[in-house]
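The values are calculated or read from the model by the stated rules, or taken from the named source; none is laboratory data. No experiment lies behind these values; they were computed from the predicted model shown. Here the Cβ is made from the backbone with ideal geometry for all residues, glycine too, and neighbour counts use every protein chain on show. For accessibility, only protein heavy atoms count, side chains too; no ligands or nucleic acids. Shrake-Rupley method; radii C 1.70, N 1.55, O 1.52, S 1.80 Å.
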Amino acid sequence: AQSVTQPDIHITVSEGASLELRCNYSYGATPYLFWYVQSPGQGLQLLLKYFSGDTLVQGIKGFEAEFKRSQSSFNLRKPSVHWSDAAEYFCAVINYGQNFVFGPGTRLSVLP
Amino acid sequence: DAGVTQSPTHLIKTRGQQVTLRCSPKSGHDTVSWYQQALGQGPQFIFQYYEEEERQRGNFPDRFSGHQFPNYSSELNVNALLLGDSALYLCASSLSPPVHTGELFFGEGSRLTVL
């Protein structure tokens, strides 16, 4: 079965520091990959998505992610974190049934 | 342009009761999916409705049922509530099939507490 793992449950970074959130997937075919962000008390918002083509994709709020097939990874990065980036981040893949399978999430805390 | 709206935002039920949650999709969207998000976990797919029919279903018991209306709005019903049903229930809308547009638009959720 398709699955998504996010090894880091909680990450804390200082404001202005760089960020990388890890995501690994298990999927036989070429995956459709996504990163969503969930702020407290809010629904999920799409940050970026990868379908095919350039393996480095740009998203909203200054985020980017790189698809590495050889590592089955789709890590999310941001060069300089802002306090407003504190949230829960979910990696997801569309499975064979065309449903989204979400990872367990990584909670990001930002220190002033 | 209204996004996905869900009601109620919070509710408390007791074991054995039944609950109905409601969702209005984003304007122009015809597909509604429901997810359960337990505390500290990622959303888990419950089912998806398109053209008023259940098209896909996740690994949830028959106590979970739904409906889609001609205006594309949807309801999620849960019967015989268990303590473990306590969660945030998220509704997501999309154009069908979602893989073509690649985006689900989520509501803010209905937080259900079962006592």
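Quick rundown of the values:
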item	result
Criterion violated by B:Ser86 - all others in (1) under 14 Å from the mean Cα position of the chain (by Cα); (2) more than 25 Å from B:Gln17 (Cα to Cα) satisfied	(2)
Residue in the range B:40-48 that is in contact (Cβ under 8 Å) with a residue 12 or more places away in the chain and farther than 24 Å from A:Val4 by Cβ present	no
Within the range B:19-29, tally of residues that are open to solvent by 30 Å² or more (accessible area, probe 1.4 Å), assigned to a loop (DSSP other than H, G, I, E, B) and touching a strand residue (DSSP E or B) at 6+ places or on another chain (Cβ under 7 Å)	1
Which listed residue, of A:Gly41, A:Gly16, is at pLDDT below 90 and on the phi > 0 side of the Ramachandran plot	A:Gly41
Count of residues meeting criterion [assigned to a helix (DSSP H, G or I), of a type in the set (Gly, Ala, Ser) and closer than 14 Å to A:Gln6 by Cα] in the range A:71-85	0
Residues (part of a strand (DSSP E or B) and open to solvent by 20 Å² or more (accessible area, probe 1.4 Å)) located in the range A:86-112	A:Glu88, A:Val101, A:Arg107, A:Ser109, A:Val110, A:Leu111
Hits in the range B:55-76 (condition: more than 21 Å from B:Ser7 (Cβ to Cβ) and either modelled with pLDDT under 95 or not in a loop (DSSP other than H, G, I, E, B) (or both))	B:Arg55, B:Gln56, B:Arg57, B:Gly58, B:Asn59
Members of the range B:33-54 that are assigned to a strand (DSSP E or B) and buried (at least 17 other Cβ atoms within 10 Å of the Cβ)	B:Ser33, B:Trp34, B:Tyr35, B:Gln36, B:Gln37, B:Gln44, B:Phe45, B:Ile46, B:Phe47, B:Gln48, B:Tyr49, B:Tyr50
The one condition in (1) out of contact with any helix residue (DSSP H, G or I) (no Cβ under 6 Å at 6 or more places or on another chain); (2) at pLDDT below 95 that A:Leu21 fails to fulfil	(2)
Residue check for B:Gly107: over 14 Å from the mean Cα position of the chain (by Cα), facing chain A (nearest Cβ under 9 Å) and buried (at least 21 other Cβ atoms within 10 Å of the Cβ)	no
Subset tally (residues that are under 18 Å from A:Gly16 (Cα atoms) and in contact with an Asp or Glu (Cβ under 6 Å, 6 or more places away or on another chain)) for the range A:52-80	1
Single residue of the range A:45-70 satisfying the filter (within 13 Å of B:Glu103 (Cβ to Cβ) and open to solvent by 40 Å² or more (accessible area, probe 1.4 Å)) that is farthest from the other protein chains (Cβ to nearest Cβ)	A:Ile60
Every residue from the range B:59-85 that is open to solvent by 20 Å² or more (accessible area, probe 1.4 Å) and touching a His at 6+ places or on another chain (Cβ under 8 Å)	B:Tyr72, B:Glu75, B:Asn77
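Conditions (1) of a type outside the set (Ser, Thr, Tyr); (2) open to solvent by less than 60 Å² (accessible area, probe 1.4 Å); (3) closer than 30 Å to A:Leu33 by Cβ; (4) out of contact with any Phe, Trp or Tyr (no Cβ under 8 Å at 6 or more places or on another chain), marked per residue:
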| residue | (1), (2), (3), (4) |
| --- | --- |
| B:Thr5 | no, no, yes, yes |
| B:Ile12 | yes, no, no, yes |
| B:Gly16 | yes, yes, no, yes |
| B:Thr31 | no, yes, yes, no |
| B:Arg57 | yes, no, yes, no |
| B:Ala87 | yes, yes, yes, yes |
| B:Leu90 | yes, yes, yes, no |
